[in-house]
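Got a structure for you, written out below as structure tokens; questions coming shortly.
The values are calculated or read from the model by the stated rules, or taken from the named source; none is laboratory data. Owing to the predicted nature of the structure, the values given are computational and were not obtained by experimental measurement. All Cβ positions, even for glycine, are placed from backbone atoms using ideal geometry, and neighbour counts span all protein chains on display. SASA here: full protein model, heavy atoms, side chains in, ligands and nucleic acids out. Shrake-Rupley method; radii C 1.70, N 1.55, O 1.52, S 1.80 Å.
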Amino acid sequence: MQIHVVQSGQSLYVISHSYGVTVESIIEANELSAPGNLVVGQALVIPIAGMYYWVQPGDSLQSIAVKVGLSEMAIVQANHLDWNTPLQAGRRLYIPPRPRRNAEINAYVEPRGEHVSPALHEAAKKAAPHLTYLAPFSFHILRDGTLKAPPLNDFATIAAQQGVTLMMAVTNLEKGQFSAELGEVVLNDAVVQDHLLDNVIRTAKELQFRDIHFDIEHLRPTDREAYNRFLRKAAARLHAQGFLMSTALAPKISAAQTGAWYTAHDYKVHGEVADFVIIMTYEWGYSGGPPMPVSPLPSVRRVLEYAITEMPASKVMMGQNLYGYDWTLPYVPGGPFARALSPQQAIDLARERRAGIQYDHVAQAPHFQYTGDAGKRHIVWFEDARSIQAKFNLVKELGIRGVSYWKLGLAFPQNWLLLEDNFRVVKR
């Protein structure tokens with residue numbers, strides 16, 4: 001796939017002509033809501049096999065090969081070049097597709113209320129061909145070791161039809177928050193633990209879940225070893241019944257990192273006992289915090305590079321957000337929370353407010369500012385084709401297992417196209 005950034009004055013017709021594809025194919029690939037009114041700075045995915053590269057002043061075959069990740073010979077052969085003829089600036093070179101590698105892909109889906117909404121059902125159905133796992137969020141642990149299930153509707157049918165493994169996300173959520181007190185009860189009472197695992201195994205068998213996923217967060221620091229002991233017990237029982245076991249981990253950068261979200265998450269032990277882990281590499285920019293990218297690439301890299309010093313890279317899945325935030329300026333701690341929005345909604349908002357999209361090449365994240373109806377300035381940080389491709393490049397560079405999305409229901413069509421362009425999604 002080619003990623004094209006819209007420049008001032010460009011139309012879909014001009015862009016389509018540059019790449020030799022139809023206008024309709026670009027509209028369909030990007031699910032454009034206003035194809036006649038593109039936003040300056042908007043990233044489009046161009047549906048071609050491979051990509052094109054325009055020679056820049058000072059480029060050589062060697063420098064281009066490094067940039068695009070192919071050998072000089074592959075570029076010469078694809079373009080019928082003469083080794084002895086210098087490249088002319090402005091020449092268009094065809095870059096053939098690179099081999100795809102296998103990857104496992106998970107997506108959480110979070111039904112709200114008593115039923116799965118039609119929109120969320122459709123989002124799960126649409127994403128399923130691109131998934132290894134589908135994780136309805138979540139089964140709440142109760143204090144007696146029983147479980148409160150989320151609405152599931154026909155997620156099992158969707159999963160079965162697309163060869164997707166259902167992931168049973170088990171959490172210590174209580175009254176909408178991760179509860180250290182509930183964690184203390186579960187992790188320090190052997191009777192409650194045994195009852196919980198009995199219920200997990202029975203429920204998983206009844207509802208066709210194959211992976212049991214423990215997302216137990218915001219624990220007391222003193223419960224670190226208790227959590228490790230629980231995971232060892234759970235792994236032994238679940239593996240004996242033929243289940244996989246995975247865990248969710250806070251984004252740490254060292255074993256010494258402390259805090260309510262970090263101390264009790266022991267990367268080394270999780271890497272030893274779990275079949276794989278999902279690291280929540282997002283929410284640096286969050287609804288109640290100061291404006292910044294949700295998952296800036298240097299921060300994501302730092303976490304993943306630490307993770308693979310504690311566990312095999314083949315067990316690590318990178319967490320990836322499918323959303324951005326719209327903050328009101330100036331930011332005031334405790335003031336208005338930022339509004340979550342999908343990448344598609346961000347583009348529509350930029351168009352509505354006539355705001356050009358900027359790109360932070362260090363964070364690898366798009367953003368723009370606008371003035372709202374009340375006269376207040378806003379800043380929006382979100383994801384686009386460029387930012388997601390940068391994350392996919394990191395997954396391949398570090399050789400990790402794959403990607404886990406939080407969460408379905410937020411439109412980002414470019415993500416799924418680029419996912420398939422980069423990886424062969426494993427089906428278990």
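Given H placed 1.01 Å from N in the peptide plane, which residues other than close sequence neighbours of Ile95 have an amide H under 5 Å from its amide H?
So Ile95 has HN proximity to Met51, Tyr52, Tyr53.
Net charge around Leu394, counting only other residues with Cβ within less than 15 Å of its Cβ (Lys, Arg = +1; Asp, Glu = -1)?
On the way: positive: Arg101, Arg301, Arg302, Arg386, Lys391, Lys396, Arg401; negative: Glu305, Glu383, Glu397.
Residues close to Leu394 contribute a combined charge of +4.
Hey, another quick one. Given +1 on the Cβ of Lys and Arg, -1 on the Cβ of Asp and Glu, and no further charges, what dipole in debye does the stretch 120-215 carry about its Cα centre, rounded to the nearest 20?
Working: 8 positive and 12 negative charges, 85 e Å.
Computed charge dipole of the stretch 120-215: roughly 420 debye.
Among the trypsin sites (Lys or Arg not before Pro) within the stretch 216-274, which fall in a DSSP loop and have no more than 11 other Cβ atoms within 10 Å of their own Cβ?
Working: sites: Arg224, Arg229, Arg232, Lys233, Arg237, Lys252, Lys268; in loops: Lys252.
Passing both the DSSP loop test and the Cβ count: no residue.
Still on this model: In the neighborhood of Trp261, defined by Cβ-to-Cβ distances under 14 Å, what is the net charge if each Lys or Arg adds +1 and each Asp or Glu adds -1? Provide the component values of the computation, followed by the final result.
Numbers: positive: Arg220, Arg224, Lys252; negative: Asp215, Glu217, Asp223, Asp266, Glu283.
Spelling it out: positives minus negatives among the neighbours equals -2.
In a shell of Cβ-Cβ distance under 14 Å around Leu408, excluding Leu408 itself, what net charge do Lys and Arg (+1) and Asp and Glu (-1) give?
Numbers: positive: Arg112, Lys125, Lys126, Lys407; negative: Glu110, Glu122.
Net of charged neighbours comes to +2.
What does the accessible area per residue of the stretch 369-428 come to in Å², with a 1.4 Å probe and no ligands, DNA or RNA counted? Present the calculation step by step, with values, prior to reporting the outcome.
On the way: 2090 Å² over 60 residues.
Here the per-residue accessible area is 35 Å².
To continue, here is another question. Rounded to the nearest 10 Å², what accessible area does His270 show when all protein chains are kept and the probe is 1.4 Å?
Looks like 0 Å² after rounding.
If contacts are Cα pairs under 8 angstrom and at least 6 residues apart, what is the relative contact order of the chain in percent?
Details: 850 pairs, mean separation 72.7, N = 428.
Relative contact order of the chain: 17 percent.
Show the residues, 5+ positions off or on another chain, whose built amide H is closer than 5 Å to the amide H of Trp381.
Tyr325, Trp327
Alpha carbon centre of the stretch 290-319 versus the stretch 137-212: separation in Å?
Each part's Cα centre sits 26 Å from the other's.
Under a 5 Å amide H to amide H cut-off, with H placed in plane at 1.01 Å, what residues pair with Ile3 once short-range neighbours are removed?
Excluding prolines and chain starts, which carry no amide H, the hits are Ile46.
Mind scanning Lys175/Lys396; Lys205/Lys396; Lys407/Lys427; Lys175/Lys376; Lys125/Lys376 and naming the pairs with a C-alpha gap bigger than 30 Å? Walk me through the numbers before you get to the answer.
Details: Lys175/Lys396 39 Å; Lys205/Lys396 34 Å; Lys407/Lys427 20 Å; Lys175/Lys376 33 Å; Lys125/Lys376 39 Å.
With Cα atoms farther than 30 Å apart: Lys175/Lys396; Lys205/Lys396; Lys175/Lys376; Lys125/Lys376.
Of the DSSP beta bridges with both residues in the chain, give the percent that are antiparallel, rounding to the nearest 5.
Numbers: 27 of 63 bridges.
Just about 45 percent of them are antiparallel.
For the stretch 1-55, rounded, prolate or oblate, judged on the Cα gyration tensor with a ≥ b ≥ c (square roots of eigenvalues), a/c < 1.5 rounded, else prolate if a/b > b/c?
Here the stretch 1-55 falls in the oblate category.
Counting heavy atoms of the protein chains only and a 1.4 Å probe, report the per residue accessible area for the stretch 1-134 as a whole number of Å². It would help to have the intermediate numbers written out before the result.
Working: 7010 Å² over 134 residues.
Per-residue value: 52 Å².
Further, regarding this structure: If you average 1/r over all unlike Cα pairs in the chain and invert the result, what Kirkwood radius do you get in angstrom? Show your work: numbers first, answer last.
Working: mean 1/r = 0.0430 Å⁻¹.
With all distinct Cα pairs of the chain included, I get 23.3 Å.
Right, here's the next one. How far apart, in nm, are two points set 7 Å out from the Cα along the Cα-to-Cβ line at Val5 and at Ser25?
My value for the distance between the label points is 2.4 nm.
Let me ask something else. Among Leu329, Leu173, Leu418, which one moves the most in a GNM of the chain with springs linking Cα atoms closer than 10 Å?
Taking springs between Cα atoms under 10 Å, the residue moving most is Leu329.
With +1 on the Cβ of every Lys and Arg and -1 on the Cβ of every Asp and Glu, and nothing else charged, how large is the dipole of the stretch 263-355 about its Cα centre, in debye rounded to the nearest 20?
About 380 debye.
In terms of the Cα gyration tensor, with a ≥ b ≥ c the square roots of its eigenvalues, is the stretch 151-281 rounded because a/c is under 1.5, prolate because a/b exceeds b/c, or oblate? If you can, show how the numbers build up before the last one.
Values: a/c = 1.69, a/b = 1.51, b/c = 1.12.
Prolate shape, in that a/c is at least 1.5 and a/b is the bigger ratio.
Additional query: Report in % the part of the accessible area of the chain that belongs to carbon and sulfur, leaving out ligands and nucleic acids; probe 1.4 Å. Present the calculation step by step, with values, prior to reporting the outcome.
Numbers: 9840 of 18510 Å².
About 53 percent, which is the carbon plus sulfur part of the accessible surface.
Also, quick follow-up: Charges on Cβ only, +1 for Lys and Arg, -1 for Asp and Glu, centred on the Cα centroid of the chain; of Gly324, Leu219, Ile400, which one is farthest towards the dipole's positive end?
Going by the Cα projections, it comes out as Ile400.
Another one. Determine the shape class of the stretch 315-367: with a ≥ b ≥ c the square roots of the Cα gyration tensor eigenvalues, call it rounded for a/c under 1.5, and otherwise prolate if a/b is greater than b/c, oblate otherwise.
On the way: a/c = 1.73, a/b = 1.24, b/c = 1.40.
Because a/c hits 1.5 or more and a/b fails to exceed b/c, the stretch 315-367 counts as oblate.
Could you give the accessible area per residue of the stretch 300-362, probe 1.4 Å, as a whole number in Å²? Can you show the working numbers first?
Working: 2960 Å² over 63 residues.
Dividing the accessible area of the stretch 300-362 by its residue count gives 47 Å².
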